Amino acid sequence: MDAMSTALYQALDYLGSLSPELHQESLRIRSTLEAPPRIVVVGRLKSGKSTLVNALIGAPVAETAALEATNVVTVFQYGAPDRAEAILLDGQRLPINIQRGQVAELPAPVEKISYIHRWMPTASIRDFSLIDTPGLATLTVENEERTRRILIDGFEQTKAMSVDADAAVFLFDATPRMDEVKFLKDLGFTSLNTLGVLSRADSFGEGALGERDPLEHAYEHSQTLAAQLRGSVLTVIPVAGLLAETSHTGAITEYDARGLAHLANATEFDLIKMISSDAEEDLQRDSCQRIVRLIGEYGLFRARNVARRGASELNEWATAKSGVPQLRNLLVTRFGEFATTHRAGRIVSEIEGLAFKMQPKDLILNLVSTMRTDPRLINAFLLLDLKAVQEANPRALIIDEIKQLIIGYTLQEKLGLAQQASMQEVMGAAQQKMQWAHNESLSALTAAEDAALVTLGRAYSELMRVAQYYSQQG
């Protein structure tokens, strides 16, 4: 168990000892701490969200398609047996009868459903749960309103009816729109727990037939977007959704590989003619169209020689090109850490909020005060401050300082020093940062910046203490 989780468990144990009512609250909060991070996937209608969710789940499409609820928020979580429940607006939980190969009927009208909870015994979602959402700016406003109600407004309502997301994967095409960026801000995330995905990377730019490889072009563009959106997202990763879904759900067969390999000597012009053939019976056209449905035009034009080596090689090629391995690696490493830190901050805020609803108020506030000075929880408070400062003044200079402290693994990284810097140099840098934070606090600032500078001061003081300890140890 990591130090941050240990500190939170200790705080919850103390909270639960204060009264029977607070014991129940501590158990409820503890259950959220014990669950894997919940990552919400958001984007416009037809942005490729469900395709990406299928790829990340890794189950055959027939299993995820058994519950088609594209106009309802759906939570996918690891668990057995495979089952689903509809959580209604009034808090009721109704079971959904799921049968593979058949689309299940919802047990209540869509307008009465808060969200759907789906458990699947799939190892790929053991480390995190996924929240699939209706598209933003859809043809009807109801879908977007459902997403907002569950992920934003629902936080203040009954917990049984809301979904607490810890991080967001944000899909967009060439450039995100203003309403999409605003929605992300409304979710309450920072740039550290928001990941951008440039979707449909295999058709980017001039597409599969262009002179430039669309995946290479998409990667270059994603780096530009990451720089432009650094205040909103951690980074931007290009993903070819169709390649991702097909390669991660077991859809490619030896039959498909042989069919594609038979086209290895065909010219691109020949392939275009085959795809567009209007003959009633055209086996080559049917084969081409099936391949395009599986791996897109990019796969048809660029994977024919790979297909000669069989379905396994073709699937590995599609996996590597899809961008999902890079995405998944981030989800379970740094991005996953930031999601956990975000959750810790939310738990701290919940505990503090109890002081204004329940007794003994003074003891609850004393607990929160103790948590604020606990070095194990410093990143949780820094992330809360980062969120507040970004909302109050997105151009504040201290934003980069806060990020550096959260992102850095070592003492040197947290202070922007070379890795070989000595402990004496670390102490000197921390002292300078403390003085800088003090000087900044004397200027006219927003309340959010003022509070953040106090946390920064504590963080730099802790770095000095640790560096001094290591220095004395030799």
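Within the stretch 293-310, is there a residue that is buried (at least 23 other Cβ atoms within 10 Å of the Cβ), in contact with a His (Cβ under 9 Å, 6 or more places away or on another chain) and either among the hydroxyl-bearing types (Ser, Thr, Tyr) or under 16 Å from Ala251 (Cβ atoms) (or both)? Among the residues of the stretch 293-310, at least one is buried (at least 23 other Cβ atoms within 10 Å of the Cβ), in contact with a His (Cβ under 9 Å, 6 or more places away or on another chain) and either among the hydroxyl-bearing types (Ser, Thr, Tyr) or under 16 Å from Ala251 (Cβ atoms) (or both), which makes the answer yes. Considering the stretch 1-50, the residues that are over 20 Å from the mean Cα position of the chain (by Cα) and β-branched (Val, Ile, Thr) include one that is surrounded by the fewest Cβ atoms within 10 Å (Cβ to Cβ), namely Thr6. Looking at Asp132, Asp127, just one residue is modelled with pLDDT of 85 or more and closer than 19 Å to Lys46 by Cβ, and that residue is Asp132.
Surrounded by fewer than 17 Cβ atoms within 10 Å (Cβ to Cβ), out of contact with any Asp or Glu (no Cβ under 6 Å at 6 or more places or on another chain), modelled with pLDDT under 75 and of a type in the set (S, T, N, Q): does that describe Gln92?
Numbers: surrounded by fewer than 17 Cβ atoms within 10 Å (Cβ to Cβ): yes; out of contact with any Asp or Glu (no Cβ under 6 Å at 6 or more places or on another chain): yes; modelled with pLDDT under 75: no; of a type in the set (S, T, N, Q): yes.
For Gln92, the condition - surrounded by fewer than 17 Cβ atoms within 10 Å (Cβ to Cβ), out of contact with any Asp or Glu (no Cβ under 6 Å at 6 or more places or on another chain), modelled with pLDDT under 75 and of a type in the set (S, T, N, Q) - is not met.
Put simply, of Leu294, Leu271, Leu260 the only residue that is of a type outside the set (D, E, K, R) and over 19 Å from Ser247 (Cβ atoms) is Leu271. For the stretch 204-236, which positions are surrounded by fewer than 24 Cβ atoms within 10 Å (Cβ to Cβ), among the β-branched types (Val, Ile, Thr) and in contact (Cβ under 8 Å) with a residue 40 or more places away in the chain? Within the stretch 204-236, Thr235 is the sole residue that qualifies. Condition check for Arg465 on (1) surrounded by 16 or more Cβ atoms within 10 Å (Cβ to Cβ); (2) closer than 16 Å to Leu405 by Cβ: one failure, at (1).
Just one of Phe189, Phe170 is under 11 Å from the mean Cα position of the chain (by Cα) and assigned to a loop (DSSP other than H, G, I, E, B); which is it? Talk me through it step by step, then tell me what you get.
Numbers: Phe170 fails: assigned to a loop (DSSP other than H, G, I, E, B).
None of the others qualify; the one that does is Phe189.
For Leu405, are the conditions met, namely being touching a helix residue (DSSP H, G or I) at 6+ places or on another chain (Cβ under 9 Å), over 22 Å from Gly336 (Cβ atoms), without any contact (Cβ under 8 Å) to a residue 60 or more places away in the chain and buried (at least 21 other Cβ atoms within 10 Å of the Cβ)? Criteria not met by Leu405.
Restricting the first member to the stretch 312-341 and to residues that are closer than 19 Å to Arg38 by Cα, and the second to residues that are in a helix (DSSP H, G or I), the beta-carbon pairs closer than 6 Å and six or more apart or on different chains are Val324/Ala55; Val324/Ala244; Phe338/Leu192; Phe338/Asn193; Ala339/Asn193; Thr341/Asn379; Thr341/Ala380; Thr341/Leu383.
Here's the yes/no breakdown for (1) free of Cβ contacts under 8 Å to residues at least 40 places away in the same chain; (2) surrounded by fewer than 18 Cβ atoms within 10 Å (Cβ to Cβ):
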{"residue": "Gln420", "(1), (2)": "yes, yes"}
{"residue": "Gln431", "(1), (2)": "yes, yes"}
{"residue": "Trp436", "(1), (2)": "yes, yes"}
{"residue": "Glu440", "(1), (2)": "no, no"}
{"residue": "Ser443", "(1), (2)": "yes, yes"}
{"residue": "Glu449", "(1), (2)": "no, no"}
{"residue": "Tyr470", "(1), (2)": "no, yes"}
{"residue": "Gln473", "(1), (2)": "yes, yes"}
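Per the listing Asp385, Asp374, Asp362, the residue uniquely more than 22 Å from Ile237 (Cα to Cα), surrounded by 22 or more Cβ atoms within 10 Å (Cβ to Cβ) and among the acidic types (Asp, Glu) is Asp385. Among the residues in the stretch 281-289, are any at pLDDT below 85 and aliphatic (A, V, I, L, M)? Scanning the stretch 281-289, I find at least one residue that is at pLDDT below 85 and aliphatic (A, V, I, L, M), so the answer is yes. Among the residues of the stretch 230-241, none qualifies, meaning not one is modelled with pLDDT under 95, in contact with a Phe, Trp or Tyr (Cβ under 6 Å, 6 or more places away or on another chain) and not hydroxyl-bearing (Ser, Thr, Tyr).
Asp164 meets each of the listed conditions (1) at pLDDT below 90; (2) part of a helix (DSSP H, G or I) apart from (2).
Number of residues in the stretch 451-464 that are without any contact (Cβ under 8 Å) to a residue 40 or more places away in the chain and more than 14 Å from Phe381 (Cβ to Cβ) equals 1.
Could you tell me whether any residue of the stretch 268-287 is within 36 Å of the chain's Cα centre (by Cα) and basic (Lys, Arg)? Break it down stepwise before answering.
Kept after step one, since they are within 36 Å of the chain's Cα centre (by Cα), are these residues of the stretch 268-287: none.
Scanning the stretch 268-287, I find no residue that is within 36 Å of the chain's Cα centre (by Cα) and basic (Lys, Arg), so the answer is no.
The values are calculated or read from the model by the stated rules, or taken from the named source; none is laboratory data. None of the values given here were measured: they were computed from a predicted structure. Cβ sites come from the backbone with ideal geometry, for glycine too, and all protein chains shown count toward neighbours.
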